[in-house]
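**Student:** Here you go, one structure.
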Amino acid sequence: MNTPTVADDPRPILIKVFRFIEKLRELFPDVPMQTISVFLIIAMKPGISQRELLKLMGTSQAGVSRNVMALGGVNRHGKPGLGLIAQLRDPFDARQVALRLTPAGIALANRVAALGQAHDGGII
C-alpha cells in the first residue's frame, strides 16, 4: 500500500489555488467561472478568433458567444456588458472576429496576474 508522504500532500497547492479563486471571485463577484476562463484565454492570446476560442473551450458556440458578449460592450440582453474585450472584424473576411482586451480588460488582466504572484512568487 502506497501512503502519501508530506511531500506528496497536495493541500498546500490546493490552498494557494483556493485563495487565488477567492481573489478572482472578489474581482468578478457575479461572473460565472466559464466567463472568467474566456477572459483569461483572450488575455493570454490577444487577437484569438472566436472560432479558436470555441476549440480551446470545448463548449458550444452559443456558450462562447454568450460569454464573449458578456465580456464585451453589450450583453445578449442588450444591456451594458463588462467592457473588458473588443470584437474586431477582419476587413477581408467579416466572418472572422478577433478578440482583444480593452484598456479596462488589460488593467484587470494585470490585477489578476499580480494576484497570481502574490503568494510565494506564484499560485503554484
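**Student:** Tally the residues that are among the charged types (D, E, K, R) and surrounded by 14 or more Cβ atoms within 10 Å (Cβ to Cβ), restricting the search to the stretch 20-34.
**Tutor:** Residues in the stretch 20-34 being among the charged types (D, E, K, R) and surrounded by 14 or more Cβ atoms within 10 Å (Cβ to Cβ): 1 in total.
**Student:** Taking helices (runs of 4 or more DSSP H) that do not extend beyond the stretch 1-101, which have at least 3 residues that are within 20 Å of Leu115 (Cα to Cα)?
**Tutor:** Details: elements: 11-27, 33-44, 50-57, 61-71.
Passing ranges, in order: 11-27, 33-44.
**Student:** Another one. Would you check if Leu108 is at negative phi and open to solvent by less than 30 Å² (accessible area, probe 1.4 Å)?
**Tutor:** In short, yes.
**Student:** So for the stretch 86-95 (the condition being in contact with a helix residue (DSSP H, G or I) (Cβ under 9 Å, 6 or more places away or on another chain), open to solvent by less than 80 Å² (accessible area, probe 1.4 Å) and at pLDDT 90 or above), does at least one residue qualify?
**Tutor:** Yes: one or more hits.
**Student:** Under 8 Å by Cβ, and 6 or more places apart or on different chains, what pairs join a residue from the stretch 35-59 that is under 19 Å from Leu24 (Cβ atoms) and open to solvent by less than 30 Å² (accessible area, probe 1.4 Å) with one that is assigned to a helix (DSSP H, G or I) and of a type in the set (S, T, N, Q)?
**Tutor:** Going by the 8 Å Cβ cut-off, the qualifying pairs are Thr35/Asn67; Val38/Asn67.
The values are calculated or read from the model by the stated rules, or taken from the named source; none is laboratory data. In this text the structure is predicted, and so the values were computed from the model without any measurement. Positions of Cβ are generated from backbone atoms using ideal geometry, with glycine treated the same way; all protein chains shown enter the neighbour counts. With ligands, DNA and RNA removed, areas are computed over all heavy atoms of the protein, side chains included. Shrake-Rupley method; radii C 1.70, N 1.55, O 1.52, S 1.80 Å.
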